[in-house]
Amino acid sequence: MAPDDKGNRWNRIPVDFLDGNGEDDSEGVSNEFEMVDEVNPQAAESGSPDPDPETFAEADPPVRPSPQADGSPADVAPNAGGPEVAELVATRAELKRLEGEVKDLKDSLARRQADFENYRKRMERERTETYNRVVADIAAKLLPVLDNLKRALETEASVEASESDEFRHFLSGVDLIYKQLNGVLDAFGVKPVAAEGERFNPHLHEAVITEETDDFEPDTVIQEIVRGFKLGDKLIRPSLVKVAVKK
């Protein structure tokens, strides 16, 4: 060891051997230990200080997962135990299953509502068609009666003044029945077809007589022989008419 190595000199502890008299050099030993206890100035300047033990006194508490905004559990910390991870996986699987069931129920409800709406519309349409068909059948059977009442009233114009008052009262009763029957048909939606003065329409009119004349435009209905009726857009009976033609 070189004598000028100061760093090792401070760490060396000399050992003194006792002489034959049993006496030790206490003063030399004490001086050597005092030198050991002294702080090496070079080590103090170059070394770093020991860490403060108070910084490790308190450890930060472990971060625990908090529930998310949608109610689902948050992710478990990487250092979490096995039971917590298993519980989180089971909770997410159950949540997905419930969400699938809710979606299926909503789809089923929407289909049921659409089916019910289609059924309601179909029943309403069928009920309307049935009603119109029944009313049209009844009106078709009543129209001949209405025609006969009208013919009976037309004979009033040919009654001479010598006829009795009883017969005139009878015709007044027939006229009342005729108007009442027309009111019943009108309440059911049965309307007369416009004919006289209208242009001939083969979908509404049936020409039984033609007349050459210059008083009317060609294909114009100049006389209604038998009145026609319709229910909405459904024709119950066409009008029998006389049509003007060009000379």
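For GLU94 and GLU217, calculate 0.36 nm times their separation in residues minus their Cα-Cα distance, and state this gained length in nm to one decimal. It would help to have the intermediate numbers written out before the result.
Values: separation 123, 0.36 × 123 = 44.28 nm, distance 8.42 nm.
Difference between extended and current length: 35.9 nm.
Under the rule a/c < 1.5 gives rounded, and otherwise a/b versus b/c splits prolate from oblate, where does the stretch 102-247 land using the Cα gyration tensor?
Details: a/c = 5.24, a/b = 1.87, b/c = 2.80.
Oblate, since a/c reaches 1.5 and b/c is not below a/b.
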Extension length gain for GLU196 and GLU117 (0.36 nm per residue less Cα distance), in nm, is 23.9 nm
Contour excess over end-to-end distance, with Cα ends at LEU105 and ALA140 and 0.36 nm allotted per residue
7.4 nm
Theoretical FRET efficiency, 1/(1+(r/R0)^6), r = Cβ-Cβ of SER172 and LYS247, R0 51 Å, to 0.05:
0.70
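I need the shape label for the stretch 125-204. Rule: rounded when a/c is under 1.5, else prolate if a/b > b/c, else oblate, with a, b, c from the alpha carbon gyration tensor. Don't jump to the answer; show the numbers that get you there.
Values: a/c = 3.69, a/b = 1.84, b/c = 2.00.
Note, shape of the stretch 125-204 comes out oblate.
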If I ignore ligands, DNA and RNA and count only protein heavy atoms, how much of LYS191 is accessible to a 1.4 Å probe, in Å² to the nearest 10?
90
Where the only charges are on Cβ atoms (+1 Lys, Arg; -1 Asp, Glu), what is the dipole of the stretch 118-246 about its Cα centre, to the nearest 20 debye?
1240
Leaving ligands, DNA and RNA out of it, report the carbon-plus-sulfur percent of the accessible area of the stretch 88-246 at a 1.4 Å probe.
55
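The values are calculated or read from the model by the stated rules, or taken from the named source; none is laboratory data. It should be emphasised that the depicted structure is a prediction, and the values quoted were computed from it without experimental measurement. Cβ coordinates were reconstructed from backbone atoms using ideal geometry, including for glycine residues, and neighbour counts include every protein chain displayed. Side chains included, ligands, DNA and RNA excluded: accessible areas come from the protein's heavy atoms. Shrake-Rupley method; radii C 1.70, N 1.55, O 1.52, S 1.80 Å.
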